[in-house]
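A.B. asks: Attaching a single structure in structure tokens format; questions to follow.
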Amino acid sequence: MRRYLTFSVLLLTILAVTCATVPRSLAQSSTEGVQVITVTAKKYEFEPSPIRVKQGTKVRLNITATDHAHGFKISPFPDGAEKTGEPGLVFSSPQDCTKIEKGQTATVEFVAQKPGTYSFRCCVVCGFHHHSMKGELIVEP
């Protein structure tokens, strides 16, 4: 009987520690407030596309080039908008052409401040149909 009681207490202690730890780690990722999106760049396409996020969201794109070097370039202004005034995407570091070597991952972070469609493209010549390697980020209100 004593062994059963000792085993039960040990098991309950392990469960309590496990249950107390899991929600804390989940809370940290949700309080960080960053939507992480994994993007694949491969011959002539980005996947997923379109990418949808909510206005006001801090976004981290982890972009991996799978077949050879690619690039990623996105305008801070929505398609069709004047390129003056406040941008719709505010980047955490200067944004131009982000080069991604084969098998490597690059990170692009921004806050999606204004709704609209933002076109992105490959900015490193990657082959015959390089010009058609495009995608869309849609910021929803």
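The values are calculated or read from the model by the stated rules, or taken from the named source; none is laboratory data. Since this is a predicted model, take the numbers as computed values, not measurements. All Cβ positions, glycine included, derive from the backbone under ideal geometry; neighbour counts span all protein chains shown.
A.B. asks: For the range 78-91, indicate whether the set of residues that are touching a strand residue (DSSP E or B) at 6+ places or on another chain (Cβ under 9 Å), among the aromatic types (Phe, Trp, Tyr) and surrounded by 18 or more Cβ atoms within 10 Å (Cβ to Cβ) is non-empty.
C.D. replies: No.
A.B. asks: Something else now. Give the range 27-82 a look and list any residue that's of a type in the set (A, V, I, L, M, F, W, C) and in a loop (DSSP other than H, G, I, E, B), or say none.
C.D. replies: So the first thing to find is which residues in the range 27-82 are of a type in the set (A, V, I, L, M, F, W, C), and the list is 27, 34, 36-37, 39, 41, 46, 51, 53, 59, 61, 63, 65, 69, 72, 74, 77, 81.
Result: Ala69, Phe77, Ala81.
A.B. asks: If you don't mind, there's one more thing I want to ask. From the list Lys102, Lys134, which one is assigned by TED's automatic domain parsing to the domain that holds Ile37, at pLDDT 95 or above and touching a Cys at 6+ places or on another chain (Cβ under 9 Å)? Walk me through it before giving the result.
C.D. replies: Working: Lys102 fails: touching a Cys at 6+ places or on another chain (Cβ under 9 Å).
Just one listed residue meets the conditions, Lys134.
A.B. asks: Just to be sure before I move on: is Asp79 acidic (Asp, Glu) and under 13 Å from Lys43 (Cα atoms) in the structure I sent? Steps first, answer last, please.
C.D. replies: Working: acidic (Asp, Glu): yes; under 13 Å from Lys43 (Cα atoms): no.
Against the criterion (acidic (Asp, Glu) and under 13 Å from Lys43 (Cα atoms)), Asp79 does not qualify.
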